[in-house]
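One structure is given below, encoded as structure tokens.
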Amino acid sequence: QLKKGERFIELGCGTGRVCRYLAKHTEANTFGIELSFLQWIVAYLLSLRWKNTEIYLGDVFNHDFSSYDVIYMFLMPETYKKLRDKLSSELQPGSRVISYVWPIPDWTPSFVDRTEGTPDIYLYIKK
């Protein structure tokens, strides 16, 4: 559950669908970061109607995550292992990481949604 004023970022946001949905249905500040220029331009243009959304063109490995309350990612599984140490060092206590489909190696989830017929969703809370 996102609270008013919280900062949410989607890593590899593609066309920004998740960011736009949350911008419309919550009072959180939503951000997305995308490496592909073509997907970024689509996400950027589609998000212009929401004041609480920003879409960045860039590499997740060069982005500072210390100001975010919630990180959401649906990336290739090998990327999770590479991001693990960066997230561990930059996130503040209480920050939440949501991983869609694949778990983050060597992290213990606080909750796993294993709804039948849908991919697993892993929630991690930084201690």
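Within the range 68-97, how many residues are acidic (Asp, Glu) and touching a residue at least 12 places away in the same chain (Cβ under 8 Å)?
2
Of everything in the range 56-66, what is open to solvent by less than 40 Å² (accessible area, probe 1.4 Å) and either modelled with pLDDT under 95 or of a type in the set (Phe, Trp, Tyr) (or both)? Give them in sequence order.
Phe65 - this is the single residue of the range 56-66 that is open to solvent by less than 40 Å² (accessible area, probe 1.4 Å) and either modelled with pLDDT under 95 or of a type in the set (Phe, Trp, Tyr) (or both).
Name the residue that is nearest to Pro77 (Cα to Cα), counting only residues in the range 110-127 that are touching a Lys or Arg at 6+ places or on another chain (Cβ under 9 Å) and assigned to a loop (DSSP other than H, G, I, E, B).
Only one residue tops the list, namely Asp120.
So for the range 115-123 (the condition being in contact with a strand residue (DSSP E or B) (Cβ under 6 Å, 6 or more places away or on another chain) and either loosely packed, with under 14 Cβ neighbours inside 10 Å or within 15 Å of Phe8 (Cα to Cα) (or both)), does at least one residue qualify?
yes
Within the range 67-92, which residues are open to solvent by 40 Å² or more (accessible area, probe 1.4 Å), part of a loop (DSSP other than H, G, I, E, B) and either farther than 22 Å from Ile121 by Cβ or not charged (D, E, K, R) (or both)?
Passing the criteria: Ser67, Phe74, Met76, Gln92.
For the range 75-94, how many residues meet the condition of being hydrophobic (A, V, I, L, M, F, W, C) and over 13 Å from the mean Cα position of the chain (by Cα)?
Here the count works out to 1.
Condition first: open to solvent by 40 Å² or more (accessible area, probe 1.4 Å), within 23 Å of Arg96 (Cβ to Cβ) and not in a strand (DSSP E or B). Now tell me which residues in the range 6-34 satisfy that.
Once the filter is applied, which keeps residues that are open to solvent by 40 Å² or more (accessible area, probe 1.4 Å), within 23 Å of Arg96 (Cβ to Cβ) and not in a strand (DSSP E or B), the range 6-34 yields Arg17, Arg20, Tyr21, Lys24, His25, Glu27.
Report, ordered by the first and then the second residue, all pairs with beta carbons closer than 6 Å, sequence separation of six or more or different chains, a first member in the range 1-24 that is free of Cβ contacts under 8 Å to residues at least 60 places away in the same chain, and a second member that is open to solvent by 30 Å² or more (accessible area, probe 1.4 Å).
So the pair list comes out as Lys4/Glu27; Gly14/Gln39; Thr15/Gln39; Thr15/Val42; Gly16/Leu46; Ala23/Trp50; Ala23/Asn52.
Need the failing condition index for Leu2 against (1) assigned to a loop (DSSP other than H, G, I, E, B); (2) of a type outside the set (Ser, Thr, Tyr); (3) open to solvent by 40 Å² or more (accessible area, probe 1.4 Å), just the number.
(3)
Pick from the range 93-114 the residues that are open to solvent by 50 Å² or more (accessible area, probe 1.4 Å) and hydroxyl-bearing (Ser, Thr, Tyr): which of them is nearest to Cys13 (Cα to Cα)?
It comes out as Tyr100.
The values are calculated or read from the model by the stated rules, or taken from the named source; none is laboratory data. What you are looking at is a predicted structure, and each value in this text was computed from that prediction instead of being measured. Glycine also receives a Cβ, built like all others from the backbone with ideal geometry; neighbour counts cover every protein chain displayed. Heads up: the accessible areas ignore ligands, DNA and RNA and are worked out on the full protein's heavy atoms, side chains in. Shrake-Rupley method; radii C 1.70, N 1.55, O 1.52, S 1.80 Å.
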